[in-house]
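Readers should treat all values here as calculations from the given coordinates under stated rules, not as data from a laboratory. Because the structure is a prediction, the values reported are computed rather than measured. FYI the Cβ positions are ideal-geometry reconstructions off the backbone, even for glycines, and counts take in every protein chain you see.
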Amino acid sequence: MSALLIDAKSPVATRLGMLALLPFMLGAVLVWFVRADAHPHVAAALSAYAAVVIAFLGGVHWGFGFTQAAPAPRLFVWGVVPALVAWVAVLMPPYAGLVIHGAMLAACYGVDRKVYPAHGAAAWLTLRFRLSVGASLSCFIGAAGS
């Protein structure tokens with residue numbers, strides 16, 4: 001399993017993770033400051049980006065399952081839940097859907113705190129926590145501005 005995971009202190013992973021926060025933060029700020037005619041587009045873009053990231057977080061669990069000879073079915077079941085929830089949230093008005101996204105990002109981290117250690121990925125939890133807090137707060141700020 002160690003061949004599958006790169007060092008959790010990887011500067012590349014840290015930089016890419018932080019870069020991935022930029023669309024969240026930019027969207028949360030722009031929702032408050034763009035013209036009224038652009039507002040729906042900015043809010044929809046933030047919601048869509050959140051959904052993509054949430055689906056990715058679920059996919060990690062499929063990756064864990066693929067590395068095992070007899071994977072626990074819950075890895076695959078949980079792996080689709082975030083994407084389904086995010087899909088529903090994208091269909092909602094942003095003031096509600098972004099709250100769902102923020103809560104789902106927090107829920108994904110909560111699940112990952114239990115799952116990652118069992119798969120040798122506990123070292124990633126510090127980065128995951130930081131990214132989850134930034135992304136969740138951005139969704140909540142975006143929702144408040146919608």
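Between exposed trypsin sites (Lys or Arg not before Pro) in the chain, where DSSP calls loop and at most 14 other Cβ atoms lie within 10 Å, what's the longest gap? Here the longest segment lacking exposed loop sites spans 36-146. What is the helix-to-structure angle for 39-66, meaning the angle in degrees between its Cα long axis and the longest Cα principal axis of the chain, kept from 0 to 90 and rounded to the nearest 10? Roughly 10 degrees, rounded to the nearest 10. Eigen-decomposition of the gyration tensor built on the alpha-carbon atoms of the chain gives equivalent ellipsoid semi-axes of 29, 17, 11 angstrom, largest listed first. The relative contact order of segment 11-144, computed from alpha carbon pairs under 8 Å that lie at least 6 residues apart in sequence, is 33 percent.
Determine the shape class of segment 66-128: with a ≥ b ≥ c the square roots of the Cα gyration tensor eigenvalues, call it rounded for a/c under 1.5, and otherwise prolate if a/b is greater than b/c, oblate otherwise. The partial results should precede the final answer.
On the way: a/c = 3.89, a/b = 1.71, b/c = 2.27.
In terms of gyration-tensor shape, oblate.
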